Amino acid sequence: MWRAIVETALLFLTPFVAYALFHSLQLRWPFVRELWHGKIVSLLTIAGLLVAIVGVVALGFTRLNQGAYVPAHMENGKLQPGRFE
């Protein structure tokens with residue numbers, strides 16, 4: 001569960017990090033209030049949402065080949081770990 005939340009959050013934050021990195025490469029301090037006005041933050045939020053949605057959909061399609069999940073269970077007195085079959 002945590003993995004899905006962290007992956008989505010990282011995908012959402014990607015445009016914000018790219019914007020800060022862009023200003024850092026131009027030798028400007030990226031955390032100045034004037035660089036983060038309302039229009040830029042709105043565009044970065046929309047871009048972050050789009051990246052997160054596309055990323056989650058892409059991850060969902062690439063994980064379809066895993067098969068059915070068999071949870072951990074006891075077999076012949078030994079604990080068998082969960083796995084995909």
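Surface composition of the chain: carbon and sulfur make up 72 percent of the accessible area, probe 1.4 Å. Accessible area per residue for the chain, computed on protein heavy atoms with a 1.4 Å probe, is 81 Å².
Computed from these coordinates, which is semi-axes √(5λ) of the Cα gyration tensor in Å: (1) 23, 14, 10; (2) 42, 14, 10; (3) 19, 13, 12? Entry (2). Quick one: angle between helix 38-62 and the longest Cα principal axis of the chain, in degrees between 0 and 90, rounded to 10, please. Long axis of 38-62 versus the principal axis of the chain: about 20 degrees.
Applying a DSSP loop filter and a limit of 14 other Cβ atoms within 10 Å to the chymotrypsin sites (Phe, Trp or Tyr not before Pro) in the stretch 2-85 leaves F31. Across L49, L59, L25, mean-square fluctuation computed from a Gaussian network of the chain (C-alpha pairs under 10 Å connected) peaks at L25. Among G55, G38, G67, determine the one that fluctuates most according to a GNM of the chain built with springs between C-alpha atoms less than 10 Å apart. It is G67.
Here the Karplus curve 6.51 cos²θ - 1.76 cosθ + 1.60, taken at θ = phi - 60°, turns the phi angles of the stretch 71-81 into couplings of x, 4, 8, 8, 9, 6, x, 10, 7, 9, x Hz, with x standing for Gly and Pro.
Based on Cα contacts under 8 Å between residues 6+ apart, the chain shows a relative contact order of 26 percent. Every helix of 4 or more DSSP H residues in the chain counts as -39500 (n - 2.57), and over all residues that averages to -20500 deg cm²/dmol at 222 nm.
The values are calculated or read from the model by the stated rules, or taken from the named source; none is laboratory data. Worth saying up front: this structure is predicted, and the values here are computed from it rather than measured. With ideal geometry, Cβ positions are generated from the backbone for all residues, glycine too; neighbour counts draw on all protein chains shown. When the accessible area is computed, the model is the full protein with side chains, heavy atoms only, and any ligands, DNA or RNA have been set aside. Shrake-Rupley method; radii C 1.70, N 1.55, O 1.52, S 1.80 Å.
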